[in-house]
1. Listed residues F74, F84; which is touching a residue at least 12 places away in the same chain (Cβ under 8 Å), in the same structural domain as N22 (by TED's automatic domain parsing) and touching a strand residue (DSSP E or B) at 6+ places or on another chain (Cβ under 6 Å)?
2. Please state which of the following conditions I389 fails to meet, knowing it meets all the rest: (1) surrounded by fewer than 22 Cβ atoms within 10 Å (Cβ to Cβ); (2) aliphatic (A, V, I, L, M); (3) touching a residue at least 24 places away in the same chain (Cβ under 8 Å).
3. Among the candidates S321, S301, S312, which residue alone is open to solvent by 10 Å² or more (accessible area, probe 1.4 Å), more than 18 Å from C42 (Cβ to Cβ) and of a type in the set (S, T, N, Q)?
4. Taking the condition of being more than 19 Å from the chain's Cα centre (by Cα), within 16 Å of T126 (Cα to Cα) and open to solvent by 50 Å² or more (accessible area, probe 1.4 Å), how many residues in the range 40-63 meet it?
5. Do you know which residues across the range 190-205 are among the charged types (D, E, K, R) and open to solvent by 50 Å² or more (accessible area, probe 1.4 Å)?
6. Of the numbered conditions (1) open to solvent by less than 20 Å² (accessible area, probe 1.4 Å); (2) in contact with a helix residue (DSSP H, G or I) (Cβ under 7 Å, 6 or more places away or on another chain); (3) at positive phi, G151 satisfies every one except a single condition; which is it?
7. Can you tell me which residues in the range 6-46 are near the ligand (Cβ under 8 Å from one of its atoms) and aliphatic (A, V, I, L, M)?
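The values are calculated or read from the model by the stated rules, or taken from the named source; none is laboratory data. Worth saying up front: this structure is predicted, and the values here are computed from it rather than measured. Heads up, the Cβs are rebuilt from the backbone with ideal geometry, glycines too, and the neighbour counts pull from every protein chain shown. In case anyone asks, the SASA skips ligands and DNA or RNA and just uses the protein heavy atoms, side chains included. Shrake-Rupley method; radii C 1.70, N 1.55, O 1.52, S 1.80 Å.
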Amino acid sequence: MKIIIIGGSAAGMGAAAKLKRNTPDAEVVVYQKSSYVSLGACGLPYVIDGKVENEKDLLSRSIAEFEKSGIQVFTNIEITKVDFDNKIVYANGVKDKYDKLIIATGARPIVPSIPGVDGEGVYSLTTLEDGVEVRDKIAKNNSIKSVAIIGGGFIGVETSVSLINMNKKVNLIEMQDTLLSKSFDQDMIHHIEDELKINGVQVYTSTQVSEILLNDKKVCGVKFSNGKSIEVEAVILSIGFQPNTSFLKETKIKLMDNGAILVNTKCETNIKDVYSGGDCSSSKNYITGKDIYSPLATVASKMAKVIADNISNKNINYVGSIQSAMIKLFSKESARTGLTELQAKAEGIDYQTVLINDKNYPSYLKGQTDISLKLIMNKKSRELIGAQIIGSDNSILRINGIVSLIWAKTKVDSALEQIDMPYAPPFSRTQDILHIALSKLNK
Ligand SMILES: Cc1cc2nc3c(=O)[nH]c(=O)nc-3n(C[C@H](O)[C@H](O)[C@H](O)COP(=O)(O)OP(=O)(O)OC[C@H]3O[C@@H](n4cnc5c(N)ncnc54)[C@H](O)[C@@H]3O)c2cc1C
């Protein structure tokens, strides 16, 4: 059996490695557009401020290592056409026939169609080359004093921190009323926004960029739709991702509205013997069961395994994700999982929330810090469906326990109120913030 994989990162190489472990005699061939495979893109913001000293360390496995395990890797090849009827992939100078095909082409940054976007000094942060460019042409370039980051999602806020660490003036511009609006509710996000502001990030919310201003083709500012403008010498675009599926547009493969390949729980597309996963495909919401687009490494790596197992006839389902995510900004750490209150409302769920502000451990110990926890519970089933936590010194790792409760569909009742979590002064209080929140929900 010959399996062709288009795209060689978390989803593609994850599937390749598992396939070879499952079925050592399978012929596994990867076509990858870039010159490297297995990029840990999550580390890119840390390349900018030097926390990752050598960008090549973000490549988790070398091509030679994959080839040693019998996987054929062809780099610098972009597949431009797939003939699903005859099971052939095409690239410049390449025509190759498959028995099974895995499409794992990931996503690219959305580029807004505003004047000036093609100017010199406009960057994004997705590839290894992007990380090196932003580090060398912005972070380490003393002539760049002020930068605009357009888009206040996870990548935008992480990049703000890295550039502040490199002594840049950072203007973080977000169209929505709050930063990270898809991930945190308004009553939690102010902790994060305050932390950014205290550390020097100029945060603009409810602000849309209408033009990137150029002087002699080089960035010299950005203009807002309210007519105001600010001076900057560089721009970083981080307004979201678009699946890399344009080469499939004229085919009969089913796509979501944003271009993501629609897959079922087996990660199969609507075309026989064609699978997809990761940032180029749909995935499932574990709570609502709906098809969603969730471009996260945690999702891509799990879908990769499901694809490989199904090709190896193991009959596995991808059950979905609850978009668990965390972020560290200066000394503030934040984590979220499940549905936000806004999302629960949009789903028509009858829900109840509780928000507790407390301390991470007892006051008699030096270094006590603030911690805030919001829980969202389905009133009818009494199951937890979402949580957001903000604190410091790893106190947010409580989220892992809460993820388990949501995953196991545990009901909030008097037994759960007594959940026996470990306690010692350097970590928590005997009556921890989670006990307090559960007790309030159970009233
Ligand atoms: C800056 C940044 C920070 C992130 N931080 C986090 C984090 O903290 N936590 C988290 O869970 N996720 C994070 N992510 C998301 C995570 O990196 C992605 O979800 C993950 O990389 C998806 O893997 P993938 O294999 O589906 O796609 P990709 O990593 O995009 O890989 C797809 C590959 O396919 C190649 N390709 C595309 N088209 C073709 C073609 N036609 N022919 C051949 N090859 C092709 C591309 O060159 C690319 O190498 C972050 C992403 C970025 C950019």
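1. F74
2. So I389 meets the others, but not (1).
3. Criteria check complete, one pass: S312.
4. The qualifying residues number 2.
5. Selection gives D194, K197.
6. Status for G151: all satisfied but (2).
7. Once the filter is applied, which keeps residues that are near the ligand (Cβ under 8 Å from one of its atoms) and aliphatic (A, V, I, L, M), the range 6-46 yields I6, A10, A11, M13, V37, L39, A41, L44.
So that you can scan it fast, the table gives a plain yes or no per residue for (1) of a type in the set (A, V, I, L, M); (2) outside the structural domain of I406 (by TED's automatic domain parsing):
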site: N285; (1), (2): no, yes
site: A304; (1), (2): yes, yes
site: I327; (1), (2): yes, yes
site: A344; (1), (2): yes, no
site: E347; (1), (2): no, no
site: V354; (1), (2): yes, no
site: N357; (1), (2): no, no
site: L365; (1), (2): yes, no
